[in-house]
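The values are calculated or read from the model by the stated rules, or taken from the named source; none is laboratory data. Just so we're clear, the structure is a prediction, and the values are computed from it rather than from any experiment. All Cβ positions, even for glycine, are placed from backbone atoms using ideal geometry, and neighbour counts span all protein chains on display. The protein model used for the area step is the full one, side chains on, heavy atoms only, and it has no ligands, DNA or RNA in it. Shrake-Rupley method; radii C 1.70, N 1.55, O 1.52, S 1.80 Å.
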Amino acid sequence: MTSLAAAPVEGTTGGLAPRLRRMATANPSTLPTVASVVIFVGMVIYGEVAYGRIVQFSTLSNLLINNAHLIVLAVALTFVIVTGGIDLSVGSVIAFSSVAGVMLANAGWHPALVIVVMIGAGAAFGLGSGILIRYFGVQPFIATLAMMFLGRGLASLLSTTPERLAEGSPIRALGAEWEIVDGPKVNDLVITPAVLIAAVVVAVAYFVLHRTRTGRTVYAIGGSENSALLMGLPVPRTKVLVYVISGSLAGLAAVLYTARLGTAQNITGIGWELDAIAAAVIGGTVLTGAYGYVLGSVIGALVLGLMNVLITRDGGIPPEATTIITGGILLAFVLLQRAVLARRRE
């Protein structure tokens, strides 16, 4: 199974629209990803025309800063979904990792060690899911659902009240804002170390999934696990690995989110696994596996983030409508994926 990034796309010159059209024509499986880019651009144009002050540095800065953890989660779910699996535990992993991390930091543990523990806890949950799925034949939905309850329960055992990170904790430095461009009034281009970490995660994930033997094995498992085994690919190890990656990135997302807000709760992350799945699907990752694109998942996360910005700017749309709109967009992309897959079978 060939990754989407490896598929040849002819005619790389010209504007963005012709380039996207040629990409979708050359490889129909990229059509959902192209559609997500078009929707994102359309949302930006609509927001600028309807509300103004969308195409500016401050909006871009806030979009990236507020959604750095979601981008990391979307990348995590891309690996899992491409294999044909699912991971429902990432939200609970964030809750447990963040509560445990804040409590350890406040107890005097070294910040670097706290971060390692938070990511390691996520990796342990992922390893548990991977072992259940691969070696005990448990369905991914059930295995990760069990880990979801386990993580939420452990977080509640640790604390049922908000835990606040000390003001002087070095972990907060990951959420510190760096001014890159000093714009007029409040229109500054600002980033945080968390945004840079998310960018590094995207770059590494892109390379691993689209440019390495491990990535090709991930796609092959999603296409046909039996065929991958017959080809001599390391299927057992890779299936466990993708859940370890998912759990580790969930732990990292907990670090980024905790650094930005400075607090942790046992109810943190409820529903975030669904947001991450939605971001991956909107970005072109097919739920049945074998097709997916890391950069598409990033666009999907930004679509969800920008949707919240536009709803807030409108003021007349109730916040509850966000889930309805998200569901509608997700349904449209699932139907688009089915149409694309049906076309490929013809």
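Overview of results
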| quantity | calculated |
| --- | --- |
| R0 of 25 Å, Cβ-Cβ distance Thr263-Trp109: FRET efficiency to nearest 0.05 | 0.90 |
| Principal axis dimensions, the chain - Cα atoms, whole angstrom, descending | 60, 55, 34 |
| Per residue, the convex hull volume that the Cα atoms of the range 52-168 enclose (Å³) | 152 |
| Estimated FRET transfer efficiency when R0 is 35 angstrom, pair Ile311-Leu230 (beta carbons, to 0.05) | 0.10 |
| Sites Leu336 and Ser156 - FRET efficiency at Förster radius 45 Å, r taken between beta-carbons, to 0.05 | 0.70 |
| Fraction of accessible area attributable to carbon and sulfur, the chain (%, probe 1.4 Å) | 66 |
| For the range 272-321: relative contact order, % (alpha-carbon pairs under 8 angstrom, 6 or more apart) | 28 |
| Built amide H within the under 5 Å cut-off of Glu177, gap 5+ | none |
| Net charge dipole size for the range 251-346 [Lys, Arg +1 and Asp, Glu -1 on Cβ; Debye, nearest 20] | 320 |
| Sorted peptide list for 267-278, 69-80, criterion being average Cβ within 10 angstrom, highest first | 69-80, 267-278 |
| Linear extension gain, Val186 paired with Thr323, 0.36 nm per residue minus alpha-carbon span | 46.3 nm |
| Two-decimal Rg to Rh for the range 259-339 - Kirkwood Rh, Cα set | 1.02 |
| Protection proxy ranking of 315-325, 280-290, 84-94 - average other beta-carbon atoms within 10 Å, highest first | 84-94, 280-290, 315-325 |
